[in-house]
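Trainee: Before anything else, here's the structure in question.
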Amino acid sequence: MTPESLSTTTADDPAPSPPPGCPAHAKGPGGLHRLYGPGAEDLGELYEHLREEYGPVAPVLLQEDVPMWVVLGHTENLQLVRSPGQFCRDSRIWTPLNEGMIKPDHPLMPHIAWEPICSYAEGDEHLRLRGAVTGAMTTIDHRSLRRHITRYTQILVNRFCESGEADLVGQFAEHLPMAVMCEIFGMAEEYNDRIVQAARDMLRGSETAIASHAYVMEVLQRLTARRRAEPQHDFASHLIRHPAGLTDDEVTKHLWLVLMAAYEATANLLANVLLMVITDDRFYAKLNGGQMTVPEAVEQSLWDEPPFSTVFAYYAKQDTELGGQRIRRGDGLLFAPAAGNIDPRVRPDLSANMQGNRSHLAFGGGPHECPGQDIGRAIADAGVDALLMRLPDVQLDCDEDELSWTESIASRHLVDLPVRFDPKAPQDVRAVPSPHGLPQQQRPPVWQVTAPPPPPQHAPTPSVPASATAPPFAPPQQAPAEPPYGQPPVPQAEPARRRGVWQRLLRWWRGN
């Protein structure tokens with residue numbers, strides 16, 4: 001799509017304006033639909049209208065009526081990202097940019113501007129930069145990763161568990177990914193409310209977004225300098241030591257890229273999965289019954305509500321064809337996972353369970369496929385699982401239709417997720433997540449000469465739904481030691497079936 005195809009009309013034509021709410025209200029020059037302003041409040045509905053009118057690839061207008069294609073078909077999206085000989089991510093060949101249609105203050109410039117990072121590079125340079133990122137990713141120990149996720153989940157839940165209510169977006173989903181990524185990067189001390197707020201501020205594009213960006217970059221520059229001088233066994237150190245030989249500037253920029261992509265995608269994914277398992281009777285019942293695992297709920301969410309609605313952008317390197325449309329060299333195309341995931345050719349029944357099917361578009365594909373998707377899955381999987389163990393009775397604290405979303409071309413965010421539950425006591429962050437809080441008596445058992453020693457005090461066993469909950473097992477033949485005079489007795493666990501505990505231990509160990 002080129003500007004000349006739009007020359008028949010202009011935004012200043014004295015044609016009568018259609019009434020608000022009319023589908024034509026979103027149309028601009030050339031009769032093309034705008035992806036912004038009146039008529040574009042519900043982009044999902046607009047994409048379906050475009051699919052009916054144009055098929056799997058549709059011409060649209062971005063802010064300031066910049067022409068673009070949006071790819072709506074599942075097959076066509078895969079063709080777009082898997083054809084590096086035809087399409088690239090280098091905006092320097094984009095015709096509207098070269099013809100001066102994109103001003104420096106264009107609201108989408110942060111998504112458009114080319115940077116010397118792996119997301120935009122091609123050929124040997126892409127292999128060098130991407131190789132360093134994926135090489136550093138392979139050094140992450142996923143057993144340690146899950147321990148970090150569980151520990152930070154415990155810390156976050158401890159902050160609100162006694163109140164009996166929480167906002168699982170602002171108090172959990174927006175914090176857990178940042179805490180875990182700071183740990184992976186080797187800067188756990190930098191995790192705090194300020195860096196979370198800076199990340200949210202930057203992604204929202206507020207008036208202070210530039211200052212927030214500067215703060216995050218300063219944190220990452222300090223980390224790069226520190227790890228260049230004193231390397232450790234963390235992601236930043238492995239990125240620096242990689243044979244690709246990244247400069248300090250390249251290291252910092254790729255740390256920023258990984259941090260922000262992982263944070264934004266995983267925060268959205270966490271919120272969407274939590275909403276699904278709390279409100280959707282099909283999933284919550286299956287989770288409680290042991291038939292649907294949290295990882296399966298994560299994959300269903302990646303189909304229904306991918307973290308990124310569209311990705312900016314791909315550009316045609318030559319004249320070509322896609323989805324029946326003539327694409328000219330220099331045209332821009334939006335990769336659209338949200339629209340592609342509900343393509344009726346691959347999902348004729350949107351209510352059908354997608355269990356076991358990972359062919360969604362949530363993490364892209366081809367040379368620029370998300371290298372950290374397993375980390376995002378792990379944070380959502382282990383984080384939701386640990387939270388449900390701590391708060392098995394959690395439920396929505398408002399009507400579902402009262403929930404609000406913020407939507408842009410790039411993504412759709414759940415604003416808040418108010419929930420309620422029975423107040424719980426804080427729990428040792430090193431313990432296995434459980435609905436039980438800290439025991440009343442933390443002193444070690446006192447050994448008695450006249451009685452056999454008590455069994456060792458283990459961490460609380462993981463919880464399962466109320467229908468299967470049983471107290472920890474204690475051998476009935478062994479009597480507990482009596483406490484010394486003047487001390488309150490140590491609470492003793494009631495006996496329970498051995499098999500139930502073992503099943504719950506296996507459930508926890510396997511991540512179910």
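The values are calculated or read from the model by the stated rules, or taken from the named source; none is laboratory data. All values derive from a computational prediction rather than experimental measurement. When we count neighbours, we look across all protein chains shown, and the Cβ atoms used for this are built from the backbone with ideal geometry, even at glycine. Note: areas computed on protein heavy atoms with side chains; ligands, DNA, RNA excluded. Shrake-Rupley method; radii C 1.70, N 1.55, O 1.52, S 1.80 Å.
Trainee: Once you list every other residue whose beta carbon is under 10 Å from the beta carbon of ARG420, what net charge do they have if Lys and Arg are +1 and Asp and Glu are -1? It would help to have the intermediate numbers written out before the result.
Mentor: On the way: positive: none; negative: GLU165, ASP393, ASP397, ASP422.
Summing Lys/Arg as +1 and Asp/Glu as -1 gives -4.
Trainee: Across segment 315-331, in residue order, what do the Karplus-derived ³J(HN,Hα) couplings come to in whole Hz, using 6.51 cos²θ - 1.76 cosθ + 1.60 with θ = phi - 60° and x for Gly and Pro?
Mentor: 9, 6, 7, 7, 5, 7, 9, 8, x, x, 9, 7, 9, 9, 4, x, 6
Trainee: Here is a further query. With a 1.4 Å probe and every protein chain kept in, tell me what percent of the accessible surface of segment 137-260 is carbon plus sulfur.
Mentor: Of all accessible area on segment 137-260, carbon and sulfur atoms account for 50 percent.
Trainee: Points 7 angstrom from Cα along the Cβ direction at ASN98 and GLU52: gap in nanometres?
Mentor: Using points 7 Å along Cα→Cβ, the separation is 3.8 nm.
Trainee: Here is a follow-up. If I stretch the segment between THR247 and ASP141 completely, what's the gain in nm (0.36 nm per residue apart, minus their alpha carbon distance), one decimal?
Mentor: The span from THR247 to ASP141 would gain 35.6 nm if fully extended.
Trainee: Taking loop as defined by DSSP and a crowding limit of 12 other beta carbons within 10 Å, which GluC sites (Glu not before Pro) in segment 78-179 fit?
Mentor: GLU99, GLU162
Trainee: At 7 Å along Cα-to-Cβ for each site, give me the label-to-label distance between GLN63 and ASP393 in nm.
Mentor: Taking the simple label geometry, GLN63 and ASP393 are separated by 4.7 nm.
Trainee: Shifting gears a bit: Once both labels are modelled 7 Å past Cα along the beta-carbon direction, what's the GLU407-THR75 spacing in nm?
Mentor: 2.8
Trainee: For segment 25-84, give the magnitude of the charge dipole about the Cα centre (Cβ charges: +1 Lys/Arg, -1 Asp/Glu; no others), in debye to the nearest 20. Numbers along the way, then the final one.
Mentor: Working: 4 positive and 9 negative charges, 47 e Å.
Roughly 220 debye, rounded to the nearest 20.
Trainee: Assuming a ≥ b ≥ c are the square roots of the Cα gyration tensor eigenvalues, decide whether segment 311-378 counts as rounded (a/c under 1.5), prolate (otherwise, with a/b larger than b/c) or oblate.
Mentor: Because a/c hits 1.5 or more and a/b fails to exceed b/c, segment 311-378 counts as oblate.
Trainee: Moving to a separate point now. Using a ≥ b ≥ c from the Cα gyration tensor of segment 96-154 (square roots of the eigenvalues), is it rounded, prolate or oblate, where a/c under 1.5 gives rounded and otherwise the larger of a/b and b/c decides, a/b for prolate?
Mentor: Oblate shape, in that a/c is at least 1.5 and b/c is the bigger or equal ratio.
Trainee: Identify the GluC sites (Glu not before Pro) of segment 193-282 meeting these criteria: DSSP loop state and at most 13 other C-beta atoms within 10 Å of the C-beta.
Mentor: Working: sites: GLU207, GLU218, GLU250, GLU264; in loops: GLU207.
Those that pass, being in a loop and sparsely packed, are GLU207.
Trainee: Keeping all protein chains in place, calculate the accessible area per residue for segment 118-168 (probe 1.4 angstrom), answer in Å². Please list the in-between numbers first.
Mentor: Details: 2360 Å² over 51 residues.
Per residue, segment 118-168 has 46 Å² of solvent-accessible surface.
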